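The values are calculated or read from the model by the stated rules, or taken from the named source; none is laboratory data. Remember, it's a predicted structure, so these values are computed and weren't measured experimentally. Note: ideal-geometry Cβ built from the backbone for every residue, glycine included; neighbour counts use all protein chains shown.
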Amino acid sequence: MTPTRPALLAAHAEWTKLRTLPATAWLLLAVAAGTALAGAAATAAVDTSHCPSPAECFEDTTRLGLSGVRLGQIPVVVLACTAITGEYGTGTIQPTLAASPRRHPVLAAKAAVLAALVLVSGTIGVLGSLAAGRLLLPGNGFTAANGYPPLSLADGPTLRAAVGTVLYLVLVALLTLGVGTAVRDTAAALTGVLALLLVAPALVQLVGDPRWQERLEALTPMTAGLSVQATTRLAELPIGPWPGLGVLAAYAAAALLLGGLAFAVRDI
């Protein structure tokens, strides 16, 4: 048997398990629809009437259109968490490990299948967000004549923001998978990851020293990771677009390493 054969079998098994769970399709739909619809709602709520003039809004329309990812990441967390903790909850982790005694390939297969599914649904959500922004922004005064060209993937910064947003969702999935593997409990994993993503940025805003606030923002996974969406005023960011996404990647790698070590040394 070639070395790739067990890996392919493990990936096929994980794909079969996720595909046959009723919640999987709904959660993937929620990722795509939630990202696109929340982005459209945020875009529709902003216009140039509150600015001294349309040209002086200085709105990052690409980032605005992609802001729905803050909602779209929640079903990603739920899907990634239940992909591993659900097996512990139902006891199906035992036949999984009986069929594949080597544990690292099992975790790698879960990560690969999960990443692929989130990549597809996230791409649909991001494309939907950009399409909605392209339709809605001109009606709110964000026109080319006022200095806001239509959202287009032909524009380098917009393409980077779109690709980065999809990668952000994939990294959130891998981060959650690592945490879920380490703690083996759905409630604990969901609470921990959502607190890290959603509560930590709010706590950072309570820091009184602006310099420390900026330093902490650069280390907060959601704030740092979503800096990849910025296309204007990059010098004002606490961290650059790609380095910010790298911070989230480091969190995901650390979580997977911790989860993999715990997975390897435990009896089940």
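The residues of segment 184-195 that are surrounded by 18 or more Cβ atoms within 10 Å (Cβ to Cβ) and in contact (Cβ under 8 Å) with a residue 40 or more places away in the chain, listed by number, are 184, 189, 190, 193. Checking each residue in segment 47-105 for being closer than 17 Å to residue 180 by Cβ, among the charged types (D, E, K, R) and surrounded by fewer than 18 Cβ atoms within 10 Å (Cβ to Cβ) picks out only 103.
Elements of the type helices (runs of 4 or more DSSP H) sitting completely within segment 27-99 and holding at least 2 residues that are among the small types (Gly, Ala, Ser) and out of contact with any Pro (no Cβ under 8 Å at 6 or more places or on another chain): these cover 69-90, 93-99.
With respect to the conditions (1) of a type in the set (S, T, N, Q); (2) in a helix (DSSP H, G or I); (3) surrounded by 17 or more Cβ atoms within 10 Å (Cβ to Cβ), residue 16 lacks only one, and its number is (3). Condition check for residue 143 on (1) modelled with pLDDT of 95 or more; (2) surrounded by 15 or more Cβ atoms within 10 Å (Cβ to Cβ): one failure, at (1).
Checked against the criteria, residue 102 does not count as modelled with pLDDT of 95 or more and out of contact with any helix residue (DSSP H, G or I) (no Cβ under 6 Å at 6 or more places or on another chain). For segment 200-240, the tally of residues that are in a loop (DSSP other than H, G, I, E, B) and either surrounded by 12 or more Cβ atoms within 10 Å (Cβ to Cβ) or of a type in the set (A, V, I, L, M) (or both) stands at 12. For the residues 24, 20, 35, the requirement of being farther than 30 Å from residue 95 by Cα and among the polar types (S, T, N, Q) singles out 35.
The rows are residues; the columns are (1) in contact (Cβ under 8 Å) with a residue 40 or more places away in the chain; (2) within 30 Å of residue 63 (Cα to Cα); (3) more than 20 Å from the chain's Cα centre (by Cα); (4) assigned to a loop (DSSP other than H, G, I, E, B).
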| position | (1), (2), (3), (4) |
| --- | --- |
| 101 | no, no, yes, yes |
| 105 | yes, no, yes, no |
| 110 | yes, no, no, no |
| 115 | yes, yes, no, no |
| 129 | yes, yes, no, no |
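Looking only at residues in segment 133-154 that are without any contact (Cβ under 8 Å) to a residue 40 or more places away in the chain and in a loop (DSSP other than H, G, I, E, B), the one that is nearest to the chain's Cα centre (by Cα) is 153.
Residues in segment 218-243 that are more than 20 Å from residue 179 (Cβ to Cβ), without any contact (Cβ under 8 Å) to a residue 60 or more places away in the chain and within 14 Å of the chain's Cα centre (by Cα): 227 only.
Here is a yes/no grid of residues against (1) at pLDDT below 95; (2) of a type outside the set (A, V, I, L, M, F, W, C):
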| site | (1), (2) |
| --- | --- |
| 8 | yes, no |
| 13 | yes, no |
| 16 | yes, yes |
| 30 | no, no |
| 49 | yes, yes |
| 58 | yes, no |
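Here residue 25 meets each of (1) touching a residue at least 24 places away in the same chain (Cβ under 8 Å); (2) over 21 Å from residue 139 (Cα atoms); (3) not acidic (Asp, Glu) with one exception, condition (1). Taken over segment 202-239, the criterion of being hydroxyl-bearing (Ser, Thr, Tyr) and in contact with a Gly (Cβ under 7 Å, 6 or more places away or on another chain) is satisfied by 227 alone.
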